[in-house]
Amino acid sequence: MNVVETENLTKIYRGNQPDDGRSWGDALVDLAKRAWRRPEEKAVVDGVSVDVRAGELFGIVGSNGAGKTTFLKLLSCLVYPDHGQAVVNGYDLVRQRSAVRRSVVIAKAGGWMSCLWQLSGRENLLFRARMCGLSGKEAARRADYVLERLELEHQAGGHSWSWSAGELQRFSLGLCFIARTPLVMLDEPTSHLDPHVARLIREFIREDLSREGGQTVMMSTHYLEEADQLCDRVAIFFKGRVLACDSPSVLRARYAADSIPELWVSGYRASLGEQIRKSLGLAEWIEHFEDVASGRARLRPKWGGHPEPDRLRSALEAQCVTVLEVRDVEPTLDDVYFRLCREKVT
Amino acid sequence: MSIDQTAIRPLTGRQQQAAVWVFIKRDLSLLTRFKVSYLTSLMGTVQQLVIYAMIARFGLSLSVAHGLTGGYVDFVLTGLALNTLLTAALTGPYLGLIESFWSNRIEILLASPLRLPGFVIGLSVGKLVDAVIQVAVILLGGWLFFDFVWPDGGNALVFLAVLIPALAAVIGLGLAAAGMVYLLDARGGQDPVQFAVQTISSLVAGVYFPIQVLPAAVQWLCYLVPQTYAIDGMRRALFGAHALAPPPLISHLPGSPLLIDVLVLLAYAAAALPLGWLVFRNGMERARADGRLSRWL
Amino acid sequence: MAVNAATPDPERFAVEVYGVRKRFISREGLPLGWGFGDAHWIISSLIKYRQERQWKNAVDGVDLTVRRGELLGLLGPNGAGKTTFLRCLATLLRLDEGSAFVNGYDVVRQPDEVKLSMNLIGSGQWSAFDWGLTVRQNLHFFGTLYGIAKAERNRRIDETLEWLGLTGRAKDKPPTLSAGERQKMLLAKAFMVRTPVFFLDEPTVGLDPDGAHQVREFITRELIGSGTSGILTTHRMDEAEDLCARVAIMDHGRVVAIGTPLELKKTVGERSILEIRARRVPRDALQTLRTLPGIRTAVVAPAGEEGLEESVRLHCEDLNGTAGRVADSLASAGIAVSSIETTQPTLEDVFIALTNKRIAQ
């Protein structure tokens, strides 16, 4: 059963956004300028057709500006599409907007304005619960559960102006959870957070929202390891289009090499990287220093096709870098993303 | 890219000047970004100009200002022009500081080698630039269309002797108001001191009508604000020291009324400017200690 | 009172910090933006000043040095005081105790020279750019503040924009840039002025992998390559390991550990991390594991797809018998475990071990 089905969904932005403080007189001037010289149209979301099954954790990855946020906004009716159709929770996106709006909840990146500053944290949760039609006792029970689960008890009485980024983010997640809608959309839920809080949030999303709650979660992120770890299926966005959409293991099998050679070297310096890369004609090269002082590093070459460890080894040794070990590692979603996007660019 | 350790010497005077100039350029480009809005707002100034020029046509005989060849037009337009300038100097630092506070511009400005005086000038210069344009509109418009007579008996040096202390006094008050923002952690809203000074000054400084017209019970207020002396002194500097009858209190004092105006302004400036600067710097140090320099700090 | 403990050694050290403390009054909530004219506000703030004030040490006795040509990483949870610390070094906050020297100049006594020697880049600064001016005009504005002459400015702006890949966007206004481009714009503003010391406050936050990689490459090539020194704050362990020769971990305003990543991993102990792979470890089983003796903390990486395994990393004080206890506990909970083995600690494990606390204070 598909909770979301989109077909050829498109959103086009025309020209620059208007500046703040523009009066209608200047708006007329801008309009005249636009009639004189048509600005470029840019398709921020370009013919996207994806399906999201019920109860799955769907990941959306892509670079900034690839259309992730706009896609989520389209599905939650914050922005209207220019072409295409979609069905969300059984309601048509264009014709049954209010029904769609009632059945989804979206959490913005950063969680900035999700809470009312006039109410305390717990009161915010209760307010949202009551707005969604829960009874007083049920609302209180849910709110306490959220506070305990997200480790927010100490901030339950505080107001949103005094919270840190991590607490803001968690409160906005908690509000999504309380709403209990069939579809939950999260825009970069762990982007500005430290590892402790990020892990807590990931556990919460996986356990409470997706597994136990049974809600369908669409999550946009640009941490590929997060998408790899958490999501049932992942859609890779690039310049408004979906390059691939499947579960991480299938994507890895289809788009990345079976294994990637990883070289452990010593005596390596960052400045050598460019030279070696160019001389071998590699598209990219990832260095991971174990010990900058001694130059012990892990090198992962990245390119599509079959890598040749021997050429690599001789190029390194020519630069007086000792190759300690060559290991084969499994590709990650990072390799998939890299391969798909670089192919698109070149 | 190599580092240049020899570049670590404080900014020269020329570089500081260039920094202030770039603030002016920035404010100009921001002002004129929306050309239609800006023209519309200038219309407000033109509206004032027209109103008073039309009032002048009533044939008001200004016995007080017998020396002004243009009559009421001369009187009121010079008053308007200087009042615009002084108000901009009064509110400039405060508004500039509030805007920098909320946009976090303060963080970058204070972490750059710009020194505090340059920083303050940079904050306040925006409003002043706007005021200069408005003054040009008033005087030019008056001269071209409404029989404003350029003063020929005026002495530029004397005029500056009035203008500079006046600006200094008013900027001192403005700095004090801006310093209050940090001292008391106020982050917006209407500054009561500035509001009071502005309102009072527009009523009693002799901008639209000579002080003698006000009811005697209220006339004592006129002598408190520096704008009164500034506007009176400026008219005398432009049109002649005795072009107007002196305000009642001053007429009792010996010596030329112009001289008295200048002396009072100098005293005001000597008191207000250092005081304002102290308040401002004190406020900034407090904010720096408390971590309140900007919205995000 | 600032105590001048030592004389600086600018030849060896780019940044020296001795015993720096910064206190904040803990402020209970008046909401922001109350205007000057509110009577209620004036009265309550007067009352507030009369009351006893609570102090909170945001930076609590930090000692560290950054060698010339080194990039020091500063890791720590949100609220550890990293941003406050950097701002103290940038002369934006007053030190309550201790002394700090940037490029050999005293932060308290020679702030002008310090400002000329360093550049602070933080993600909160992007709103400081004028939204009405183009990127290029903004960069000209900031360049003039640093005293760069016009011709030189033009050259440097072109160069920096090209390095960062922003040349196509030079004529656009800041609100139209994406998050990654905004971050690069901030970096352009700082790199245009070539100071010997940089303070980078989470430069890749909010950037996609491509953008983050470009920024990291830029830092490696241009900063470390040319011998500038600096402090980098980040949450991403892989970034810290890649870019920084040494890493300092900060928690509650103190530096709890400092050293190269290798040294730090050794402090955790080569063999004190147990990794369990299992189909599904429910939350209560995890709680039980956490309470077992000998286990400091348990961290789970949940698996996405059905059929894949979750991995739980346990930090143990002492491995003797712990593996057995863990296996028993999981078996009694009925969880099928596919493997239990000891693994190498990562920098993230070090981080967790040193800042081991529940997030709730």
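The values are calculated or read from the model by the stated rules, or taken from the named source; none is laboratory data. Model, not experiment: these values are computed from the prediction. Cβ sites come from the backbone with ideal geometry, for glycine too, and all protein chains shown count toward neighbours. In case anyone asks, the SASA skips ligands and DNA or RNA and just uses the protein heavy atoms, side chains included. Shrake-Rupley method; radii C 1.70, N 1.55, O 1.52, S 1.80 Å.
The table below gives the values:
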{"quantity": "Those trypsin sites (Lys or Arg not before Pro) in region C:91-186 that DSSP places in a loop and that have at most 15 other beta carbons within 10 Å", "calculated": "C:Arg109, C:Lys171"}
{"quantity": "Surface share of carbon and sulfur [accessible, 1.4 angstrom probe, percent] for chain A", "calculated": "49 percent"}
{"quantity": "Cβ charges +1 (Lys, Arg) and -1 (Asp, Glu), total dipole of the protein assembly as shown, debye", "calculated": "1960 debye"}
{"quantity": "Summed side-chain charge close to A:Ala86 - residues other than A:Ala86 whose Cβ falls under 9 Å, Lys, Arg +1, Asp, Glu -1", "calculated": "-3"}
{"quantity": "R0 of 25 Å, Cβ-Cβ distance C:Leu286-A:Tyr145: FRET efficiency to nearest 0.05", "calculated": "0.90"}
{"quantity": "Per residue accessible area of region A:2-253, 1.4 Å probe, in Å²", "calculated": "43 Å²"}
{"quantity": "Over chain A, relative contact order from alpha-carbon pairs under 8 Å, at least 6 apart, %", "calculated": "18 percent"}
{"quantity": "Interchain or long-range residues, amide H under 5 Å from B:Phe148's placed H", "calculated": "B:Trp143"}
{"quantity": "C:Val17 - accessible surface, heavy atoms, 1.4 Å probe, Å² rounded to 10", "calculated": "0 Å²"}
{"quantity": "Region A:231-252 residues near the modelled A:Asp51 label - backbone nitrogen below 18 Å, point 7 Å along Cα→Cβ", "calculated": "A:232-236, A:242-248, A:250-251"}
{"quantity": "Cα-projected label distance for C:Glu162 with A:Leu119, points at 7 Å along beta-carbon direction, nm", "calculated": "5.6 nm"}
{"quantity": "Region C:270-344 pair-distance distribution - Cα-Cα, 5 Å bins, rounded %", "calculated": "3, 17, 32, 28, 14, 5, 1"}
{"quantity": "Probe 1.4 Å - accessible area at C:His213, Å² to nearest ten", "calculated": "50 Å²"}
{"quantity": "Accessible surface ranking that places the most exposed of B:Trp277, B:Trp143, A:Trp36, B:Trp220 first, with a 1.4 angstrom probe", "calculated": "A:Trp36, B:Trp220, B:Trp143, B:Trp277"}
{"quantity": "Stokes-Einstein diffusion coefficient of the protein assembly as shown, Kirkwood radius over Cα pairs, 25 °C, 0.890 mPa s, in µm²/s", "calculated": "76 µm²/s"}
{"quantity": "Inter-label distance for A:Ala35 and C:Arg221, nm, one decimal - labels placed 7 Å from Cα along Cα-to-Cβ", "calculated": "4.7 nm"}
{"quantity": "Residue-averaged [θ]222 nm for the protein assembly as shown, counting only DSSP H segments that reach four residues, each worth -39500 (n - 2.57)", "calculated": "-14500 deg cm²/dmol"}
{"quantity": "Helical segments meeting 30 Å axial Cα length and Kyte-Doolittle -0.5 threshold in chain B (DSSP H)", "calculated": "B:35-56, B:72-103, B:116-145, B:156-183, B:257-290"}
{"quantity": "Solvent-accessible area per residue for chain C (1.4 angstrom probe, square angstrom)", "calculated": "40 Å²"}
{"quantity": "Relative contact order of chain C, pairs being alpha-carbon contacts under 8 Å that are 6 or more residues apart, as %", "calculated": "18 percent"}
{"quantity": "Nonlocal amide H pairs with A:Leu186, under 5 Å, H built at 1.01 Å", "calculated": "A:Ala107, A:Met218, A:Met219, A:Ser220"}
{"quantity": "Alpha carbon centroid spacing (whole Å) that separates region B:158-187 from region B:90-132", "calculated": "13 Å"}
{"quantity": "Distance (nanometres) between label positions extended 7 Å along Cα→Cβ at A:Tyr80 and B:Gln219", "calculated": "6.8 nm"}
{"quantity": "Chains C and B together, accessible area buried on both sides, 1.4 angstrom probe, square angstrom", "calculated": "4700 Å²"}
{"quantity": "Descending semi-axes in Å of chain C, equivalent ellipsoid built from Cα gyration tensor", "calculated": "41, 27, 23"}
{"quantity": "Translational diffusion of region C:116-222, µm² s⁻¹ [Kirkwood Rh, Cα pairs; Stokes-Einstein; 10 °C; 1.306 mPa s]", "calculated": "116 µm²/s"}
{"quantity": "Once the Cα gyration tensor of region A:117-172 is diagonalised, semi-axes √(5λ) in Å", "calculated": "19, 12, 9"}
{"quantity": "Residue with peak Gaussian network fluctuation, chain C [Cα springs, cutoff 10 Å], from C:Lys22, C:Lys56, C:Lys189", "calculated": "C:Lys56"}
{"quantity": "Degrees between helix A:165-179 axis and first principal axis of chain A (Cα, 0 to 90, nearest 10)", "calculated": "50 degrees"}
{"quantity": "Relative contact order (%) - chain B, alpha-carbon pairs under 8 angstrom, separation at least six", "calculated": "26 percent"}
{"quantity": "Accessible area of B:Ser112 in the full protein assembly, 1.4 Å probe (Å², nearest 10)", "calculated": "0 Å²"}
{"quantity": "For C:Thr342, residues with placed amide H under 5 Å, excluding near neighbours", "calculated": "C:Glu275"}
{"quantity": "Semi-axes of the equivalent ellipsoid for chain A, Cα gyration tensor, largest first, Å", "calculated": "40, 28, 21"}
{"quantity": "Region A:1-124 - Debye-derived log10 I(q)/I(0), Cα point model, q = 0.14, 0.22 Å⁻¹", "calculated": "-0.80, -1.25"}
{"quantity": "Shielded residues, region B:109-125 - accessible-area loss of 30 Å² or more between chain alone and all protein chains, probe 1.4 Å", "calculated": "B:Leu110, B:Ala111, B:Ser112, B:Pro113, B:Arg115"}
{"quantity": "Accessible area that becomes buried as C packs against A, both chains, 1.4 Å probe, Å², nearest 100", "calculated": "4600 Å²"}
{"quantity": "Loop-located trypsin sites (Lys or Arg not before Pro) in region C:229-281, at most 16 other Cβ atoms within 10 Å (DSSP)", "calculated": "C:Arg271, C:Arg279, C:Arg280"}
{"quantity": "Helix C:135-145 axis, angle to chain C major axis (alpha carbon atoms, nearest 10°)", "calculated": "70 degrees"}
{"quantity": "Coil-residue trypsin sites (Lys or Arg not before Pro) of region A:58-156, DSSP, other Cβ within 10 Å capped at 16", "calculated": "A:Arg95"}
{"quantity": "Bins of 10 Å, starting at 0 and running to the largest distance - Cα pair percent for region B:20-290", "calculated": "7, 28, 33, 22, 9, 1, 0"}
{"quantity": "Fraction of beta bridges assigned by DSSP in chain A that are antiparallel (%, nearest 5)", "calculated": "70 percent"}
{"quantity": "Tilt relative to chain A, helix A:136-149 - C-alpha long axis, 0 to 90 degrees, to 10", "calculated": "20 degrees"}
{"quantity": "Pairwise FRET efficiency - C:Arg279 versus A:Lys42, Cβ, R0 = 56 Å, nearest 0.05", "calculated": "0.80"}
{"quantity": "Kirkwood Rh in Å, taken over region A:175-256 so that all alpha-carbon pairs contribute", "calculated": "13.7 Å"}
{"quantity": "Above-threshold pairs, the threshold being 20 Å between Cα atoms, out of A:Lys33/B:Lys127; C:Lys22/C:Lys56; A:Lys11/A:Lys239; A:Lys42/A:Lys73", "calculated": "A:Lys33/B:Lys127"}
